[in-house]
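**Student:** Submitted below is the structure of interest, expressed as structure tokens.
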Amino acid sequence: MIRYALWRLLMAIPVMLVASSVIFVILRVLPGDPALMIAGERATEDEIAAIRESLGTDRPLAVQYAEWLGAALVGDLGQSTFSGQPVTRLIGQRLEPTLSLALPTLALSVLVSLALGTLAARRAGSLADKVVTAFSVLGFSVPPFVVGYALVAIFSLWLGWTPVQGYRPLSDGIAVWATALVLPVLTLSTGYVALITRVTRASMVEALSEDHVRTARAKNLGEGAILARHGLRVAAVPIVTVAGIGLALLLGGFVVTETVFNIPGVGRLVVEAIARRDYPVIQGVVLLSAGVYVTVNLLVDLSYTFLDPRIRY
Amino acid sequence: MSAVQIRRTGPQLPLSFWLGLSVLSVLAVLAVLAPWIADNPNRLAPAQRLQPPGAGSLFGTDAFGRDLFARMLYGARTSLRIGLIVGGLTLVMAAALAALCVMVRAADAVVMRVLDGLMAIPNILLAIAIISVTGVSLWTMALAIAIPELPATTRLLRGVLLSTRMRGWVEAARVSGCPPLRMAWRHLLPSVWPVALVQTAFVCSSAILIEAILSFLGVGNPPNVPSWGGVIGENRAQFQLAPWVILIPSAFLTVTVISINLMGDALRDWLDPRERGGT
């Protein structure tokens, strides 16, 4: 097991290398010169050259990549070309709102989708199943900002239960913090819940049709125990896999949700960075989210041995 | 001949397919006819801003007095165009990569590792990064949206081709010295059409969504190119005052994406015998 874990960790390195070089190649090699974008149309040759030098884009690509990667490995993502501050500090300042949004979203999504998927699978073909399936098709098709504005229209403008927009830090008190987060969390969850509900339903339908479930029913085991031990336990591997891959949906969703609700998180940082042509910041945030994605999917892989005793490494 | 025959013995295409198709057809006709049935979508009329739907214009006007009906129809052009271009672009690139992977063992490892790396970057962030460098035009937008779609599509087509490669006709072509391009085009790729068709539908709907998201964020199409996502983004400050400016483009976007997804789901169930007759 430990050997396998180390092996998987080793295998994650090339993926991160490729992801980082993809980001690097996009920002440095694609037609379009950051220095020209920063300088604007009326800059002179000298000014552009000076910007290139300050960005380091005048040196050979391989050297730039090696330096950037080497620095990133020790936690240095460079300086913002807009404010001159270290990118890691800029990201750090925005982490609280983003994590406040992320953790409840993850918890809520997993709970709700397991419940909905199980409900639908238990009575496959029933009205409840059809409603859940329709919801998961909708959840995929409705853009996140549409969900956000619809929720604001209902709960803030019409019912007046929640604030329309904005983020309140945890230091303002838990109740204030939580009320402001309700709608953003629901918005960000929708697509993810639709995805996991769909796979939970499919996986549970299969698990519940197995012989050991019939046996468990025959010996009059409680419904809860059947669903948990004979159903979800067996159905877990595909669910966890899709939840891991679907994380990309959440990582991209921050950008939209934070914009709709004016939350000053990491997602807004990227959007602001684009307007300012602040390439080191864009590069840093993209690298960070790739790192989160790879790490979570590594953990997903390792969780298989706990979820399914037949899988041994 | 290597063309795969899609034999139809099972049930007909479900109602949802025809529903999706009719909605899209109506939208496409409106989009094509836009110059004749709608005003100039970019004409500013500050005196007429935020007019509610009904009086004077069907959907009212936005925060700059532009006619929302015109912006919706021209927005449909933007969305449908980006959906079709990204669908086509992704299909061509993914099919070429998948054929390369299946035919050249050394390329397979490299291409798959690069796609793994691409997959680790969330699609919206990747598209944002690409556009931030290339600037916005129809083709850079299309490319920025298509590249993040490549890993999943290529993987899917590669899977189909791996089993096609084992078929008798491919072996026969190989021993008779079929040149590589002809092999890919005539003997391997025809087998991916059913899967590719369904996948392209999903790529189309995803592309329309991502274009809307990018334009909403202010990263995509500039205001003089009407886009549903852009209209929502430009008017988001007016939401409390004039909710329809947000709700109407939202409805267009949602209905379009649902229609394409319904068609894709229906086609997939129809083409895949294992799924057919399921729940």
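The values are calculated or read from the model by the stated rules, or taken from the named source; none is laboratory data. Because the structure is a prediction, the values reported are computed rather than measured. Here the Cβ positions follow ideal geometry from the backbone for every residue, glycine too, while neighbour counts run over all protein chains shown.
**Student:** Of all residues in the range A:153-175, which are buried (at least 17 other Cβ atoms within 10 Å of the Cβ) and at the interface with chain B (Cβ under 7 Å from one of its Cβ atoms)?
**Tutor:** Across the range A:153-175, the qualifying residue is only A:ALA153.
**Student:** I've got another one for you. Determine which single condition B:PHE239 fails, assuming it passes every other condition in (1) in contact with a helix residue (DSSP H, G or I) (Cβ under 6 Å, 6 or more places away or on another chain); (2) within 18 Å of B:ARG81 (Cβ to Cβ); (3) aromatic (Phe, Trp, Tyr).
**Tutor:** With respect to (1) in contact with a helix residue (DSSP H, G or I) (Cβ under 6 Å, 6 or more places away or on another chain); (2) within 18 Å of B:ARG81 (Cβ to Cβ); (3) aromatic (Phe, Trp, Tyr), B:PHE239 is out only on (2).
**Student:** Any residue at all in the range B:207-215 that's of a type in the set (Val, Ile, Thr), part of a helix (DSSP H, G or I) and closer than 17 Å to B:VAL23 by Cα? Quick ask: steps written out before the conclusion?
**Tutor:** Looking only at the range B:207-215, we keep the residues that are of a type in the set (Val, Ile, Thr), and these are B:208, B:210, B:213.
Now drop any that are not part of a helix (DSSP H, G or I), which leaves B:208, B:210, B:213.
Filter once more, keeping what is closer than 17 Å to B:VAL23 by Cα: B:208.
Taking every residue of the range B:207-215 in turn, at least one turns out to be of a type in the set (Val, Ile, Thr), part of a helix (DSSP H, G or I) and closer than 17 Å to B:VAL23 by Cα.
**Student:** Let me ask something else about it. Between a first residue in the range A:183-206 that is over 15 Å from A:GLU258 (Cα atoms) and a second residue that is in a helix (DSSP H, G or I) and of a type in the set (Lys, Arg), which pairs have beta carbons less than 8 Å apart while being 6 or more apart in sequence or on different chains?
**Tutor:** Hits for this filter: A:MET204/A:ARG122.
**Student:** What residue, among those in the range B:33-51 that are touching a helix residue (DSSP H, G or I) at 6+ places or on another chain (Cβ under 8 Å) and surrounded by 14 or more Cβ atoms within 10 Å (Cβ to Cβ), is modelled with the lowest pLDDT?
**Tutor:** B:LEU50
**Student:** Inside the range A:42-89, can you point out the residues that are basic (Lys, Arg) and crowded, with 16+ Cβ neighbours inside 10 Å? Reasoning before the result, please.
**Tutor:** As a first pass, look at the range A:42-89 and keep what is basic (Lys, Arg): A:42, A:52, A:59, A:89.
Matches in the range A:42-89: A:ARG52 only.
**Student:** Still on this structure, I have one more. Need pairs with beta-carbon distance below 7 Å; first residue more than 7 Å from chain B (Cβ to nearest Cβ) and polar (S, T, N, Q) and within the range A:132-150, second buried (at least 21 other Cβ atoms within 10 Å of the Cβ) and in a helix (DSSP H, G or I); sequence gap 6+ or separate chains.
**Tutor:** Pairs found: A:THR133/A:ALA120; A:SER136/A:ALA194; A:SER136/A:THR197; A:SER136/A:ARG198.
**Student:** Still on this structure, I have one more. Please give the number of the condition B:VAL133 fails out of (1) under 30 Å from B:ARG66 (Cβ atoms); (2) within 9 Å of chain A (Cβ to nearest Cβ).
**Tutor:** (1) is the only condition that B:VAL133 fails.
**Student:** Given (1) more than 11 Å from chain A (Cβ to nearest Cβ); (2) closer than 19 Å to B:GLY88 by Cβ; (3) of a type outside the set (Ser, Thr, Tyr); (4) touching a Pro at 6+ places or on another chain (Cβ under 6 Å), where does B:LEU209 come up short, assuming only one miss?
**Tutor:** B:LEU209 satisfies every listed condition except (1).
**Student:** Could you figure out which of (1) buried (at least 24 other Cβ atoms within 10 Å of the Cβ); (2) within 24 Å of A:THR197 (Cα to Cα); (3) polar (S, T, N, Q) isn't true of A:GLN283?
**Tutor:** Of (1) buried (at least 24 other Cβ atoms within 10 Å of the Cβ); (2) within 24 Å of A:THR197 (Cα to Cα); (3) polar (S, T, N, Q), only one is false for A:GLN283: (2).
**Student:** Let me ask something else about it. Does any residue in the range A:99-114 that is crowded, with 18+ Cβ neighbours inside 10 Å come within less than 8 Å, Cβ to Cβ, of a residue that is not in a helix (DSSP H, G or I) six or more places away or on a different chain, and which pairs are these?
**Tutor:** From residues that are crowded, with 18+ Cβ neighbours inside 10 Å, the pairs are A:SER100/A:TYR167; A:LEU101/A:ILE263; A:LEU101/A:GLY265.
**Student:** Could you list all residues from the range B:218-256 that are in contact (Cβ under 8 Å) with a residue 40 or more places away in the chain, under 19 Å from the mean Cα position of the chain (by Cα) and part of a helix (DSSP H, G or I)?
**Tutor:** If the condition is that a residue be in contact (Cβ under 8 Å) with a residue 40 or more places away in the chain, under 19 Å from the mean Cα position of the chain (by Cα) and part of a helix (DSSP H, G or I), then B:TRP228, B:GLY230, B:PRO249, B:PHE252, B:LEU253, B:VAL255, B:THR256 are the ones that fit.
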